[in-house]
Structures are given as structure tokens and as C-alpha cells.
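Structure record follows, encoded as C-alpha cells.
The values are calculated or read from the model by the stated rules, or taken from the named source; none is laboratory data. These numbers come from a predicted model, not from an experiment. All Cβ positions, glycine included, derive from the backbone under ideal geometry; neighbour counts span all protein chains shown.
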């Protein structure tokens with residue numbers, strides 16, 4: 001019987017599972033598209049059960065190809081700002097609204113000025129509708145009754161819970177809700193009051209690398225039952241961890257649907273630093289590493305590239321990618337990478353060809369990366385090593401353009417670093433060694449004095 005470690009990465013576009021042997025040897029990666037419903041008004045949502053079925057389906061795909069497998073540990077990472085309210089019986093009461101869905105803007109406009117003014121410095125997040133609090137305010141205005149016993153679970157936390165784990169709150173995911181006070185690490189009272197809920201609405205904190213329970217769901221594959229579950233956290237810092245780019249002088253560029261720059265700062269950043277970063281539309285939160293702040297400079301550049309691809313009708317990007325060195329990006333302009341922009345605008349000049357439009361989109365992506373780097377530098381400082389990972393980096397056009405704006409950029413040799421990081425964290429949880437993450441964090445600092 002082959003003992004396995006699974007790392008599941010539930011992303012915006014795909015749900016992936018990376019399978020490792022217990023000795024760390026890689027067996028393979030399987031994936032399925034993540035299923036969403038597209039509604040009028042650019043709304044995008046799905047059901048909690050649909051996401052769970054996608055996870056179980058891709059795990060079944062993987063295990064069905066193996067001879068006598070037994071899973072000892074399952075790590076779950078994935079997208080943030082999306083999740084579900086469950087009632088006291090554990091039944092989902094809301095749809096899962098996609099992180100890029102525009103719902104909540106109207107509700108945020110009615111938030112009292114004192115809460116609005118304190119939002120960035122308290123939560124570390126710029127004030128806009130991407131965060132969980134906006135989606136919950138929208139849901140409450142559209143019939144959701146938040147009652148005692150109701151709890152919020154981010155997507156990886158819900159999947160863990162549905163498989164048999166305790167309801168838990170992982171720090172890097174909680175940091176994306178707009179409900180967390182970064183100074184205390186506890187729910188922010190003013191935000192809870194807006195929703196009319198109590199602190200128990202956010203479940204008990206559980207760190208990445210700690211066990212959250214075991215797989216007990218009757219519809220789980222038999223080989224998965226009994227496996228230790230760990231909620232590994234938000235996909236971006238988990239991928240940085242998997243790629244080995246979480247040192248104090250490391251820069252990590254995650255090049256997926258959301259294209260982000262990440263820095264790990266080995267302390268809680270000050271209120272003034274949070275005010276400065278959020279004023280530049282940079283996000284600050286808890287890292288999966290204990291005692292560490294995650295600085296996350298985001299864009300929707302990957303989503304923009306996908307929309308440009310669709311507009312060009314390019315089912316295979318190979319030809320556009322190959323034509324990039326000789327294309328004329330000046331013949332088109334592509335805008336829309338900002339996290340608050342819902343539209344992609346393509347302006348064409350005389351004689352623009354599809355390859356020129358693609359080149360303009362790729363160069364706009366790189367230009368936005370350079371802008372993000374400038375936004376985080378005043379607090380994070382210069383980097384010494386830059387590592388890139390993510391699906392878009394399979395294209396030489398993206399690698400070339402990124403290398404121009406991120407000097408010294410290297411590309412992760414770890415395939416699927418998010419899944420790999422989740423599997424490693426799950427292995428630590430199964431071995432009863434969650435303290436390994438604290439020790440790992442200590443090794444990245446000049447002093448080992450750490451408080452989680």
C-alpha cells in the first residue's frame with residue numbers, strides 16, 4: 001500500500017491536486033476546471049457543494065490511477081475573499097461569491113465614516129468591495145439572516161469542514177475578510193457590529209501546519225478517509241512557501257489569474273506602515289508563517305490576459321507567444337489590471353494584428369508589475385532574490401516581460417508550488433509537528449525569539 005500526501009489548490013480557474021509519496025517523491029498533478037455561474041451585472045458565484053464536488057472529483061481522478069493508495073495527510077489551500085456562511089448544523093446558507101465579483105460596493109458606500117476611516121489601518125486592506133465584509137453586507141441586504149451559531153468559512157476552510165474537520169479560521173485567509181484586527185489577531189469589533197454578529201462568527205484560529213481534523217465524509221474516496229486535514233491557508237503565501245521564497249529579502253511573483261507581488265516581513269508592521277501601504281492600494285495581512293506580516297501587492301493582470309485571449313479568439317496561445325518578439329505593442333493599448341477595475345479596454349491603432357494586441361497586453365502586465373514593486377518598496381525595502389511561479393509563466397512572452405521589470409528574476413523549479421506547500425504543511429500536521437512551522441520561521445530571522 002502506497003502512503004500518500006495530497007496538496008489541494010482550489011483556484012479561480014482550476015482545482016488541482018498534487019500527489020506526493022510520504023518520502024516526498026512527486027507522483028503527479030491532476031486538475032479540473034473550477035465551476036462558476038455567471039450572472040447579469042458581472043456577478044460570478046457557485047455553490048459550496050459544487051466546489052466540494054470538484055475537490056472530491058479531482059482527488060478521485062488521482063487516486064483511481066494508483067495501486068492501493070492510502071492518504072495520510074491532506075493540505076488545502078486556495079482562493080480567498082470567497083467562502084460561505086454555515087448555520088449551527090453546518091448547512092451552507094449563502095452562495096460562494098467569487099473574489100472579483102462586484103457585489104457589495106453599494107453597501108460599503110453606506111458604512112459609517114469612522115469605520116471607513118479605520119478600515120485600512122485596522123485590517124490592512126484598502127477599502128473596496130473585494131473583501132468578505134462587503135459580500136456579507138450585500139447578502140444581508142438580500143435576505144440573509146445572520147443568527148447565533150452561524151459561522152464564516154473561507155473556501156479552503158469550508159472544504160476541510162465538509163470533509164470532517166473542525167470549523168477553523170486560518171490566519172492568512174482571515175486576513176482577507178476585512179473582519180480581522182491585525183494588531184490583536186482577533187475579530188474586529190466594529191466590523192462584527194456592522195454585520196450584527198458575535199466574535200464566534202469567526203471560528204477558532206488554527207495555524208497552517210496544525211491538524212484541523214480527519215477525513216470522515218462518507219462520500220470521500222475510501223483511500224482518503226482517516227487522513228489528517230490541515231488548512232494550509234491563502235494560495236499566494238502557500239505558493240511562496242512551496243517555492244522557498246519566504247525569506248525577509250525574497251520577492252515572490254505569483255502569476256495566475258491574480259498577478260501579485262509578495263513580501264514576508266518578520267514582524268507585525270506598524271499602523272503608520274499599514275496606512276501608507278493601503279493608501280497605495282497594497283494589502284497587508286497575516287502570513288501563514290507565525291509572527292510574520294504578508295505584504296501583498298495585487299493586480300488582475302492574469303484575468304486581463306485571459307479576457308484578451310478570449311477577445312482574440314485564441315484557443316491556443318502558442319502562435320501569439322511565438323510572435324511576441326517581433327510584434328509591435330505600440331499598435332494597441334490594453335488597460336484594466338487594477339484590482340478595482342471591472343472592465344478591460346483594448347484600443348487599436350491602424351494595422352494592429354492579434355499578435356500586436358497580445359504584445360500590448362503582455363507589456364501592460366509587466367508595467368503594472370513594475371508599479372506594484374514601487375508601491376511596496378518604501379516599507380518592504382529592496383529584495384535580493386526574486387522568484388516567479390504560476391500558470392502564465394509557461395509562456396516565454398510573460399517570462400521575458402517580467403524579467404525586464406524584476407531584475408534577477410528566477411522561475412520556480414517546483415511545479416505547482418501551492419499544492420506542494422499545502423502537502424508539506426499537511427505532512428507536518430499528520431506527524432504531530434506543527435511546531436516545525438515556528439522553527440522554520442525562526443530560521444528566516446536574525447533572532448529565534450518568536451511569538452505565533
**Message:** So residue 226 ticks every box in (1) touching a helix residue (DSSP H, G or I) at 6+ places or on another chain (Cβ under 9 Å); (2) closer than 27 Å to residue 89 by Cα; (3) surrounded by fewer than 24 Cβ atoms within 10 Å (Cβ to Cβ) but one. Which box is left unticked?
**Reply:** (1)
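If I ask for residues that are in contact with a strand residue (DSSP E or B) (Cβ under 7 Å, 6 or more places away or on another chain) and in a helix (DSSP H, G or I), which ones from segment 392-406 would you list?
Keep residues of segment 392-406 that are in contact with a strand residue (DSSP E or B) (Cβ under 7 Å, 6 or more places away or on another chain), which gives 392-393, 398-399, 402-403, 406.
Scanning segment 392-406 gives 392, 393, 398, 399, 402, 403.
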**Asked** Somewhere in segment 78-88, is a residue more than 30 Å from residue 230 (Cβ to Cβ), touching a residue at least 40 places away in the same chain (Cβ under 8 Å) and surrounded by fewer than 18 Cβ atoms within 10 Å (Cβ to Cβ)?
**Response** no
**Message:** Going by what's in this entry, would residue 343 be described as in the same structural domain as residue 369 (by TED's automatic domain parsing), free of Cβ contacts under 8 Å to residues at least 12 places away in the same chain and either out of contact with any helix residue (DSSP H, G or I) (no Cβ under 9 Å at 6 or more places or on another chain) or over 20 Å from residue 392 (Cα atoms) (or both)?
**Reply:** yes
**Request:** Kindly indicate whether any position in segment 292-303 is over 21 Å from the mean Cα position of the chain (by Cα) and farther than 16 Å from residue 392 by Cβ.
**Result:** no
**Request:** Scan segment 97-126 residue by residue and report those that are over 16 Å from residue 195 (Cβ atoms) and either touching a helix residue (DSSP H, G or I) at 6+ places or on another chain (Cβ under 6 Å) or assigned by TED's automatic domain parsing to the domain that holds residue 287 (or both).
**Result:** 120, 121, 124, 126
**Asked** Has segment 211-221 got any residue that is in the same structural domain as residue 81 (by TED's automatic domain parsing), within 22 Å of residue 293 (Cβ to Cβ) and modelled with pLDDT of 95 or more?
**Response** no
